[in-house]
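Read the structure below first, then the notes.
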Amino acid sequence: MCRFAGKKAKLERQRAFIVRDQIEDAICSVEDFQAPFAAVAGDVFVGLGELVAHEVLRDRGDLYFFDALGDVAAEQHSGTVFVFLSHQWLGHFAPDPQGIHYRAMVRAVTSTAERASVPLNRLRVWVDFASVPQANSTQQKVAIGSLPSFSSCVDYLDRVPPRRPSCLPTT
């Protein structure tokens with residue numbers, strides 16, 4: 001009986017360590033990006049006329065890429081304002097066939113610039129169709145897996161001074 005109780009206690013301790021490691025891994029996965037955070041300048045976004053796919057904006061050089069939370073923090077602390085927009089597709093083959101979401105997003109972006117007293121070119125807009133790869137399903141899944149980090153970083157950066165997450169290696 002004592003041997004059984006000892007084995008049980010040992011297994012419970014091992015399980016506690018495993019659970020602790022899983023929790024730490026989960027926290028780290030939200031504290032930083034698994035995919036680059038891609039955003040478009042506010043003035044470029046407003047001038048698009050419609051929602052444009054990630055690959056088109058990437059190939060035109062219209063996307064800013066941030067590899068880590070610290071990169072976004074540095075940009076924000078230099079006076080850049082980040083806007084995070086998400087939308088539901090309204091068509092089967094196009095995200096916004098009549099431009100309903102795009103027009104609402106433009107109003108939100110221009111309103112944000114006015115309230116923050118910054119020019120549109122100092123805004124960085126994250127929007128699903130433009131910021132998440134559309135052509136490569138593997139890259140898309142990784143970017144979608146980073147959505148909690150992406151969406152929380154804008155609010156997080158507004159509330160908390162930048163810090164290096166403890167789970168990341170120092171350079």
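Values as computed for the structure displayed
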| quantity | calculated |
| --- | --- |
| Residue tally, condition within 20 Å of residue 134 (Cβ to Cβ) and surrounded by 19 or more Cβ atoms within 10 Å (Cβ to Cβ), over segment 86-111 | 5 |
| Count of segment 122-142 residues which are touching a residue at least 60 places away in the same chain (Cβ under 8 Å), under 18 Å from residue 51 (Cα atoms) and in a helix (DSSP H, G or I) | 3 |
| Some residue of segment 116-129 being exposed (fewer than 15 other Cβ atoms within 10 Å of the Cβ) and out of contact with any strand residue (DSSP E or B) (no Cβ under 9 Å at 6 or more places or on another chain) | yes |
| Close pairs from segment 67-81: first farther than 20 Å from residue 113 by Cβ, partner open to solvent by 30 Å² or more (accessible area, probe 1.4 Å) and among the β-branched types (Val, Ile, Thr), Cβ under 7 Å, at least 6 apart | none |
| Matching residues in segment 38-81 - criterion: being of a type in the set (Gly, Ala, Ser), closer than 25 Å to residue 98 by Cβ and open to solvent by 30 Å² or more (accessible area, probe 1.4 Å) | 47, 49 |
| Qualifying residue in segment 17-34 (condition: without any contact (Cβ under 8 Å) to a residue 40 or more places away in the chain and surrounded by 13 or more Cβ atoms within 10 Å (Cβ to Cβ)) | no |
| Qualifying positions in segment 36-70 - farther than 15 Å from residue 134 by Cα, modelled with pLDDT of 95 or more and acidic (Asp, Glu) | 43, 50, 62 |
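The values are calculated or read from the model by the stated rules, or taken from the named source; none is laboratory data. What you see is a predicted model, and the numbers here were worked out from it, not measured in a lab. For neighbour counting, all protein chains shown are included, and Cβ atoms are generated from backbone atoms with ideal geometry for every residue, glycine included. Remember, those area values only see protein heavy atoms, side chains included, never the ligands or the DNA or RNA. Shrake-Rupley method; radii C 1.70, N 1.55, O 1.52, S 1.80 Å.
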